1. Kindly provide the set of residues from segment 163-179 that are farther than 18 Å from residue 243 by Cβ and either outside the structural domain of residue 45 (by the TED database) or at pLDDT below 95 (or both), ordered by number.
2. Any residue that is surrounded by fewer than 18 Cβ atoms within 10 Å (Cβ to Cβ) and either farther than 23 Å from residue 79 by Cα or at pLDDT below 95 (or both) - is there at least one of those in segment 122-130?
3. Quick check: is even one residue across segment 13-20 part of a loop (DSSP other than H, G, I, E, B) and either touching a strand residue (DSSP E or B) at 6+ places or on another chain (Cβ under 9 Å) or free of Cβ contacts under 8 Å to residues at least 24 places away in the same chain (or both)?
4. Sort through 158, 182 and tell me the only one that's farther than 25 Å from residue 247 by Cβ, modelled with pLDDT of 95 or more and in the same structural domain as residue 74 (by the TED database).
5. So which of 212, 220 is outside the structural domain of residue 100 (by the TED database) and within 21 Å of the chain's Cα centre (by Cα)?
6. Run residue 133 past the list (1) within 30 Å of residue 258 (Cβ to Cβ); (2) crowded, with 18+ Cβ neighbours inside 10 Å; (3) not assigned by the TED database to the domain that holds residue 250 and report the number of the one that doesn't hold.
7. Consider segment 76-97. How many of its residues are under 17 Å from residue 185 (Cα atoms), in contact (Cβ under 8 Å) with a residue 24 or more places away in the chain and surrounded by fewer than 17 Cβ atoms within 10 Å (Cβ to Cβ)?
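The values are calculated or read from the model by the stated rules, or taken from the named source; none is laboratory data. What you see is a predicted model, and the numbers here were worked out from it, not measured in a lab. Note that we place each Cβ from the backbone using ideal geometry, even for glycine, and neighbour counts take in every protein chain shown.
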């Protein structure tokens, strides 16, 4: 799959439209697990030998070990960048997204049952990735099971069409699911989301976009130096661009998210709540004054003790 994000479509049957998981499954771990096997390819932008480690992350033992750990790290990164990413949206469009993604939600208590279901969810997500790739990549067990996938059609093998076509279809399915879920989500106050100015958003775009562009160019240059003279097909550059840009996006989003949390912290209380608290305090003071007046009047009457 040239588009790693498309792998999340495989776990959608386990996610409800309100963003919760079916049964005890954890949506964040499911989605992160569906990305985990490919993370080593993004890491190859800075780590030598990371591409070869993809053989481990795409193996059955890797699904239940390394991929689970990678998925948990990805969930931790998501919790760091979630509210800052929602803050990039126009304020009028933040409410539904914040509700769907549980922005500002308190951290749940962690027990043995929680850890188990996080493990199951991450492993299940990674398993969907590995099984899908088995039928869309060269020399995987799915290819050996169905040799017809290697047959050429119009100059390209059948698995190539499944790889790129599947990525595109899955991306459309994801977009449709997210659109449907956002329309169903209640438009609440974006709790925990920072308020950014136009200048803040401009700087965010520059940092995130700049990191993605630099990383993509650097990765593509390295690819061309190795493959360019060997008559590689232009479309073979697409995965390299995706991995390079993705690695840059991760760096850019992390820098942006840390900056927002340090220098643009979210309001600690919503204005509506503060106003309600003020009104409640005023009502309480009025009641206290009335009680005090009643006591003084009652005490002024003869015969009342």
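1. Pass one, segment 163-179, residues farther than 18 Å from residue 243 by Cβ: 165, 169, 172-179.
Once the filter is applied, which keeps residues that are farther than 18 Å from residue 243 by Cβ and either outside the structural domain of residue 45 (by the TED database) or at pLDDT below 95 (or both), segment 163-179 yields only 165.
2. No, segment 122-130 contains no residue that is surrounded by fewer than 18 Cβ atoms within 10 Å (Cβ to Cβ) and either farther than 23 Å from residue 79 by Cα or at pLDDT below 95 (or both).
3. Yes - at least one qualifying residue is present in segment 13-20.
4. None of the others qualify; the one that does is 182.
5. Values: 220 fails: within 21 Å of the chain's Cα centre (by Cα).
One residue alone meets the criteria, 212.
6. Tallying (1) within 30 Å of residue 258 (Cβ to Cβ); (2) crowded, with 18+ Cβ neighbours inside 10 Å; (3) not assigned by the TED database to the domain that holds residue 250, residue 133 fails exactly one: (1).
7. 1
One line per residue, one yes/no per condition, for (1) surrounded by 10 or more Cβ atoms within 10 Å (Cβ to Cβ); (2) over 30 Å from residue 161 (Cβ atoms); (3) assigned by the TED database to the domain that holds residue 35; (4) modelled with pLDDT of 85 or more:
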residue: 229; (1), (2), (3), (4): no, no, no, no
residue: 252; (1), (2), (3), (4): yes, yes, no, yes
residue: 259; (1), (2), (3), (4): yes, yes, no, yes
residue: 286; (1), (2), (3), (4): yes, yes, no, no
residue: 290; (1), (2), (3), (4): yes, yes, no, no
